[in-house]
Amino acid sequence: MADRGILVDRVAVVTGASSGIGAATALALAAGGARVALFARRGDRLGELAREIEAGGGTALAVEVDVTSSESVAAGGAAVREAFGRVDLVVNNAGVMLAAPIAEVRSGDWARMVDLNVTGALRVIGEFTPDLIAAAAEGGVADLVDISSVAAHAVFADYAVYCATKAAVTHLSANLRVELGPKDVRVTNVEPGFVESELLTHLDRGAAAEVESWIEGTGRLAAEEVADVVVYATSRARHVNMRQIVVMPTRQV
């Protein structure tokens, strides 16, 4: 649990906030004192999470946003600024994992993963980069956190496209640090290993069973443990950038 006050006066946006890493991260940032905008498509889930944050003494705004729509992201950005002012902390977490064997040419699944995992992240980055640059220019702390995956480097049969999207996020983060670091905007790439989340619910029964068998021997992290890493990275002194963090169960190799 974050110490109350370590993120006070920060304004955060968390995408994919309706479950898993996104929800846990929103809770942790709010516990640290940040005002948190919750972005996701499932408005009912966001409302529940916002009420939970507020019941714990935090401040949250539920904003129904689909990151595959530029118009939706722009509307979400406007809603956050109206409620909280300029954003200085962005956590790009929304994503989907689908088994898509290349030989089966599941082009619809390929497009869905690319649009959500890569282009969706870019839409959010494009919307809030001006806020981050402005916050840093005034001497504040500004953070962009991209949630990638160890899949950016690992090899998993039938998940080539998913792994490729995560490799894109990791490489994008490295390049953005070159662009934004000189402007005092920190860019952090977080690559979790096996984590308890809803990603398996996106898979058909056979694929989900296969992934569960991979996890059986290694265990998995709780979403809160990844959220703790995000809070740690974003609560460092302004001149300290945790550039890339790989976090996974000890037994996962």
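The values are calculated or read from the model by the stated rules, or taken from the named source; none is laboratory data. Because the structure is a prediction, the values reported are computed rather than measured. When we count neighbours, we look across all protein chains shown, and the Cβ atoms used for this are built from the backbone with ideal geometry, even at glycine. SASA here: full protein model, heavy atoms, side chains in, ligands and nucleic acids out. Shrake-Rupley method; radii C 1.70, N 1.55, O 1.52, S 1.80 Å.
Considering each residue of region 144-167, count those that are over 21 Å from Thr25 (Cβ atoms) and without any contact (Cβ under 8 Å) to a residue 60 or more places away in the chain, and give that number.
Final tally of qualifying residues: 9.
Suppose we filter Ala157, Ala151 for residues that are buried (at least 16 other Cβ atoms within 10 Å of the Cβ) and farther than 19 Å from Thr68 by Cβ; which single one remains?
Ala151
Given the condition at pLDDT 95 or above and closer than 23 Å to Val11 by Cβ, answer yes or no: does some residue in region 189-212 qualify?
Yes.
Sort out which residues of region 117-151 are over 27 Å from Asp9 (Cα atoms) and touching a strand residue (DSSP E or B) at 6+ places or on another chain (Cβ under 6 Å), and write them in order of number.
Ser149, Val150
Every residue in region 94-119 that is open to solvent by less than 30 Å² (accessible area, probe 1.4 Å) and more than 13 Å from Thr68 (Cα to Cα), please.
Those that are open to solvent by less than 30 Å² (accessible area, probe 1.4 Å) and more than 13 Å from Thr68 (Cα to Cα): Met97, Leu98, Ala99, Ala100, Pro101.
Are there any pairs, at least 6 apart or on different chains, whose C-beta atoms fall under 9 Å, with the first in region 211-228 and among the β-branched types (Val, Ile, Thr) and the second open to solvent by 80 Å² or more (accessible area, probe 1.4 Å) and at pLDDT below 90, and if so, which?
Thr218/Arg251; Thr218/Val253
What helices (runs of 4 or more DSSP H) completely inside region 1-93 contain at least 1 residues that are open to solvent by less than 60 Å² (accessible area, probe 1.4 Å) and closer than 24 Å to Val187 by Cα?
Qualifying helices (runs of 4 or more DSSP H): 20-31, 70-84.
Hey, among Ser70, Ser18, which residue is under 20 Å from Arg81 (Cα atoms) and touching a Lys or Arg at 6+ places or on another chain (Cβ under 6 Å)?
Details: Ser18 fails: under 20 Å from Arg81 (Cα atoms).
Exactly one residue qualifies, and that residue is Ser70.
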